[in-house]
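I have placed the structure first, in the form of structure tokens, so that the comments after it can refer back to it.
The values are calculated or read from the model by the stated rules, or taken from the named source; none is laboratory data. Predicted model, so just to flag it, every value in this text is computed and none were measured. Every residue, glycine as well, gets a Cβ built from its backbone with ideal geometry; the counts of neighbours run over all protein chains shown. For accessibility, only protein heavy atoms count, side chains too; no ligands or nucleic acids. Shrake-Rupley method; radii C 1.70, N 1.55, O 1.52, S 1.80 Å.
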Amino acid sequence: SITWNALSSASTTARYSDKGAIFDSAGSSMFPSDNLNYYLGFMNSCIVESLLKILNPTLNYGAGTVAKLPIKHSDIEKIEEFVKQNIEISKDDWDSFETSWDFEQHPLIRFKTNNNLKESFNTWKEYKEQQFNQLKANEEELNRLFIEIYGLQDEMTPEVDDKDITVALADEKREIKSLLSYAVGCMFGRYSLDEKGLVFAGGEFDSPKYKTLEVDEDAILPVLSDTWFEDDIVEEFKRFLKKAFGELYFNENMQYIVSVLSGKSCDNPEKVIRNYYLKDFYKDHLQTYKKRPIYWMFTSGKEKAFNCLVYLHRYDKTTLSRIRKDYLHKLQAKLDSAIIRAEEAGDVKLSTQYTKDK
């Protein structure tokens, strides 16, 4: 079907809706028996934008108003081909985000170039610019065709503003943050470096699907101020990065991630990545998933002395007790030992810090 926003202070836009999607009065739909792409191109043209303002000069464009639009048929095959391209470009754009049902692979892995992360981003950036420009050119050509069909060459122009092209251009910080999120998904088994798409979101867990990068055994990832456990989230991320992009460019890739996150190079890239996971990752995750997180953060409070992530779809009746016994209690014991060693070494500053963490 074709669905459109019935209430809008801006221009009305129509979208292709696949089988199984629902709609209501706020997002009305039409079901053409043929030439669906032609009607979709027409609904998104500058012609319709002007006609709707004439038919109903309000903010509400319901099914009754749209049904009154005058339709002229011409150049159907040409128009439908442009619309088909636009649907493919838009879907490819949406599917590059992990919130899409059809998300398959992170774009920096999909466009991996010589295992160099920065080169991968540049390749992705160039591809997105090409897609953006192609979509804009197609939209302007569709406007030109409909202007000719309706004989409005003296009244309208086909140009489209960049702000009206809705596919996302590449954004360095957004892509790196999403890679850090994708890495967590691989650690938990939601995604795999061996298979595309959503690999595990409930049901029977299939370990052979994770040959390149093994998943975290207990689905609990400690997020702490230092490396107190083997499955510390930063250690797990380093393992992911080496498996996904190889070891040759590992240090260079780590520096690139840090430069994007912090805006500068750093002698200790692990610290910057740890600070991101500790302070900002979960806020970004909540925003990405509209406050419906798939990873849950257990934390001791504002001081963040103890934190861990668990995966919603691998949570079971033993998870809480494991967090307490295998991580919290062990961390307390490790901190006690660290305090004693710092005091014996006369390191008051370090002893104070460990005591504060405890």
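Test residue 99 against the criterion of being among the β-branched types (Val, Ile, Thr), modelled with pLDDT of 95 or more and open to solvent by 20 Å² or more (accessible area, probe 1.4 Å), and give yes or no. Give the derivation first.
On the way: among the β-branched types (Val, Ile, Thr): yes; modelled with pLDDT of 95 or more: yes; open to solvent by 20 Å² or more (accessible area, probe 1.4 Å): yes.
For residue 99, the condition - among the β-branched types (Val, Ile, Thr), modelled with pLDDT of 95 or more and open to solvent by 20 Å² or more (accessible area, probe 1.4 Å) - is met.
One residue stands out in the range 61-72 among those that are surrounded by 12 or more Cβ atoms within 10 Å (Cβ to Cβ) and either of a type in the set (Ser, Thr, Tyr) or not in a loop (DSSP other than H, G, I, E, B) (or both): the one that is modelled with the lowest pLDDT, namely 61. The criterion of at least 2 residues that are under 21 Å from the mean Cα position of the chain (by Cα) and β-branched (Val, Ile, Thr) is met by the following helices (runs of 4 or more DSSP H) wholly inside the range 92-200: 172-188. Of the residues in the range 170-188, none is touching a Ser or Thr at 6+ places or on another chain (Cβ under 6 Å) and surrounded by 17 or more Cβ atoms within 10 Å (Cβ to Cβ).
Residue count for the range 29-45, restricted to those that are part of a loop (DSSP other than H, G, I, E, B) and either touching a strand residue (DSSP E or B) at 6+ places or on another chain (Cβ under 6 Å) or aromatic (Phe, Trp, Tyr) (or both): 2.
For the range 296-310, enumerate the residues that are of a type in the set (Phe, Trp, Tyr) and over 11 Å from residue 282 (Cβ atoms). So that I can check it myself, show each step before the final result.
So in the range 296-310, the residues of a type in the set (Phe, Trp, Tyr) come out as 296, 298, 306.
Result: 306, single match.
Only one entry of 248, 224 meets the criterion of being under 25 Å from residue 122 (Cβ atoms) and in contact (Cβ under 8 Å) with a residue 40 or more places away in the chain, and that entry is 248. Exactly one residue out of 201, 168 is of a type in the set (Gly, Ala, Ser) and modelled with pLDDT under 95, and it is 168. Residues that are open to solvent by less than 20 Å² (accessible area, probe 1.4 Å) and among the aromatic types (Phe, Trp, Tyr) were ranked within the range 214-246; the one that is farthest from residue 180 (Cα to Cα) is 245. Cβ-Cβ contacts under 7 Å between residues 6 or more apart (or on different chains), taken from a first residue in the range 273-293 that is without any contact (Cβ under 8 Å) to a residue 24 or more places away in the chain to a second residue that is open to solvent by less than 20 Å² (accessible area, probe 1.4 Å), are listed as 293/285.
For the range 102-146, the set of residues classified as of a type in the set (Gly, Ala, Ser) and open to solvent by 10 Å² or more (accessible area, probe 1.4 Å) consists of 137 only. Scanning the range 295-342 for residues that are surrounded by 15 or more Cβ atoms within 10 Å (Cβ to Cβ), farther than 15 Å from residue 222 by Cα and charged (D, E, K, R) gives a single hit, 314.
Of the set (1) surrounded by fewer than 19 Cβ atoms within 10 Å (Cβ to Cβ); (2) touching a helix residue (DSSP H, G or I) at 6+ places or on another chain (Cβ under 6 Å); (3) within 19 Å of residue 141 (Cβ to Cβ), all apply to residue 50 but (2).
Residues checked against (1) touching a helix residue (DSSP H, G or I) at 6+ places or on another chain (Cβ under 9 Å); (2) hydroxyl-bearing (Ser, Thr, Tyr); (3) within 30 Å of residue 51 (Cβ to Cβ):
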site: 95; (1), (2), (3): no, no, no
site: 120; (1), (2), (3): yes, yes, no
site: 128; (1), (2), (3): yes, no, no
site: 134; (1), (2), (3): yes, no, yes
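Which ones in the range 201-231 are part of a loop (DSSP other than H, G, I, E, B) and closer than 30 Å to residue 355 by Cβ? Those that are part of a loop (DSSP other than H, G, I, E, B) and closer than 30 Å to residue 355 by Cβ: 216, 218, 223, 224, 225, 226, 227, 228, 229, 230, 231. Selection within the range 73-96: residues that are touching a residue at least 40 places away in the same chain (Cβ under 8 Å), under 22 Å from residue 28 (Cα atoms) and not polar (S, T, N, Q). The member of this set that is least open to solvent (accessible area, probe 1.4 Å) is 83. Looking at the range 189-213, which of the residues that are open to solvent by 50 Å² or more (accessible area, probe 1.4 Å) and hydrophobic (A, V, I, L, M, F, W, C) is farthest from residue 285 (Cα to Cα)? Only one residue tops the list, namely 205. Restricting the range 232-242 to residues that are free of Cβ contacts under 8 Å to residues at least 12 places away in the same chain and not in a loop (DSSP other than H, G, I, E, B), the residue that is nearest to residue 326 (Cα to Cα) is 235. Can you find even one residue in the range 285-294 that is surrounded by fewer than 15 Cβ atoms within 10 Å (Cβ to Cβ), at pLDDT 95 or above and in a helix (DSSP H, G or I)? Checked the range 285-294: at least one residue is surrounded by fewer than 15 Cβ atoms within 10 Å (Cβ to Cβ), at pLDDT 95 or above and in a helix (DSSP H, G or I).
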